[in-house]
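Everything on this sheet refers to the single structure shown next.
Where a number appears in this text, it was derived from the coordinates with a stated rule and is not lab data. Treat the numbers as computed from the prediction; the structure is a model and nothing was measured. Because the Cβ atoms are built from the backbone with ideal geometry, glycine has one as well, and the counts that use them run over all protein chains shown.
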Amino acid sequence: MTPPFQDFPTPSAGLLAAALCRLQEGVLLYAGDGRLVYANPAAQVLCRSHPLWSDAHARIEDLLPPHALPQARDEGRWNDYLPFGEGRMLAARLYVLDEHDGRFLLLLQDPGLVREGDQELLRRHEELNVRLTAAQAKLLQAEKLASIGQLAAGVAHEINNPIGYVHSNLASLQEYLSSLFALIDVYERALHSPDPRAMQAEIDTTRERLDIDFISRDLPQLMTESRQGIERVTRIVRDLKDFSRTERDSAWKLADLHAGLESTLNIVWNELRYKVTLEREYGTLPMVECLQSELNQVFMNLLLNAGQAIEERGVIGLRTGHADGMVWVEVSDNGPGIPADMQQRIFDPFFTTKPVGTGTGLGLSISYGIVAKHHGRIEVDSAPGAGSRFKVILPVRQPPRGA
Ligand SMILES: Nc1ncnc2c1ncn2[C@@H]1O[C@H](COP(=O)(O)OP(=O)(O)OP(=O)(O)O)[C@@H](O)[C@H]1O
Ligand SMILES: [Mg+2]
């Protein structure tokens, strides 16, 4: 009779070593300080073809995306496909072996080695992945358009305001112009009269009647104010256009996050202006490799959430900083805060505490996805009565494709 599984004795070290040597899956062991301490033959073959991985002194944190180790430490494991040069992908699984000294086990598998019968499964998996990515892109765009829909009235107001005073300035300018033409008319008559000096008195009265001194003071001011109004409208329209754009090519570009924050503020400002005092504390930020319009969507969601958390009057803090190849943008509010048990759920799709028709519950889940795509993370610090802080942490440079 075969013994039940738990009755097998633990195999000897020799037997385990022989098994590791025959495995087609790459097995790598790392010490707590990130040094490689063991690689089975399959791992050695896999890594040999890669410039970075073939360096046996490379540390684990330099080989994996920045969020891999933190996630493995938090959840015990991390897995994903790793670009491995020349368009090749490897399935990678990382486990924390020992919580105390932080040893890691990394398994690498070349999907090309998967048995014949699994190829169909892989193909279906890839097909589903493509469809999922397309669906996610649509959702992203739909959420963005829904927010723009919500904000439309506010944006219209932001545009209407300057248009209103430019319009009234134009009416004054028209009046000023007819006064100036009337004065020119008197000057012309004087010029063509046999004795121009005799008309000096008429010129003086006309100047006084038409209040030309006031016009010459007011006109430059009107022009400056109108130009600023038009510039403001142009800026809002441009921000809105940038914001609603889909980044189809999804190529990373270097961007100024402060400029992104300011244009996002332009769009949401009408939602916040009546109850919020904004406190900016911007640090010095390098240009960041990112998809700017998607990050703006994250900032908008966080700003709107902060504004919606404040009932009557409150403060929203907007802080930025930079250290060790990472940048961070923090949106804080002094609203009611989020209870600990709820913090687990706020990133879930469709989780909302807002009345029907106000929130879809997608803001944070979409923001989480965007930030993860940027190899970053969002940290929440909140407690009932103590307000909330959402910190978006991003790498300044994205890991090279295929590295
Ligand atoms: N700054 C905050 N203060 C208090 N609660 C917050 C804050 N930000 C988010 N939450 C909570 O997290 C929930 C989920 O937020 P999320 O942005 O995903 O959805 P929503 O704001 O409810 O709806 P949507 O963003 O789709 O309009 C909110 O309903 C709210 O309960
Ligand atoms: Mg929201």
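Projected label points at residue 10 and residue 161, each 7 Å from Cα along the beta carbon direction, are separated by 7.0 nanometres. For the chain, the Kirkwood estimate of the hydrodynamic radius, built from every pair of different alpha carbons, is 26.6 Å. Counting only alpha carbon atoms, the long axis of helix 257-272 and the longest principal axis of the chain meet at about 70°. For the peptides 345-353, 384-392, the ranking by packing is 384-392, 345-353, with the highest mean count of neighbouring Cβ atoms within 10 Å listed first. Equivalent ellipsoid of the stretch 82-203: semi-axes from √(5λ) of the C-alpha gyration tensor, largest first, are 81, 19, 18 Å. Remark on the stretch 150-243: hydrodynamic radius 16.0 angstrom, per the Kirkwood mean of 1/r across alpha carbon pairs. With 25 Å as the limit, the listed pairs 144/373; 253/275; 253/373 have 253/275 beyond it between alpha carbons. Footprinting exposure proxy ranking of 89, 342, fewest other C-beta atoms within 10 angstrom first, gives 342, 89. If only the Cβ of Lys and Arg carry +1 and only the Cβ of Asp and Glu carry -1, the dipole of the chain around its Cα centre is close to 780 debye.
Under a Gaussian network description of the chain, with springs only between Cα atoms under 10 Å, the residue in 170, 97, 303 that fluctuates furthest is 170.
Taking other Cβ atoms within 10 Å as a rough exposure proxy, 47, 21 sort from fewest to most as 21, 47.
Put simply, the Cα atoms of the stretch 249-395 extend 38, 30, 28 Å along their principal axes, the longest span coming first.
Taking 0.36 nm per residue of sequence separation and removing the Cα-Cα distance, the residue 100/residue 185 pair yields an extension gain of 21.3 nm. Between residue 372 and residue 152, what FRET efficiency comes out of the Förster formula 1/(1 + (r/R0)^6) with R0 = 25 Å and r the beta carbon distance, rounded to 0.05? That pair, residue 152 with residue 372, gives E of 0.30.
The GluC sites (Glu not before Pro) of the stretch 35-103 meeting both criteria, a DSSP state outside H, G, I, E and B (loop) and at most 13 other C-beta atoms within 10 angstrom of the site's C-beta, are 86, 99. When each of the peptides 316-324, 287-295, 201-209 is scored by how many other beta carbons lie within 10 Å of its residues on average, the order from highest to lowest is 287-295, 316-324, 201-209. The C-alpha atoms of the chain define a longest principal axis, and helix 363-373 lies at about 60 degrees to it. Principal-axis analysis of the Cα atoms of the chain puts helix 13-22 at an angle of about 60° to the longest axis. Of 78, 328, 53, the sequence from fewest to most neighbouring Cβ atoms within 10 angstrom is 328, 78, 53.
Peptide packing for 216-225, 139-148 was compared via the average number of neighbouring C-beta atoms within 10 Å per residue; ordered from the highest value, the list is 139-148, 216-225.
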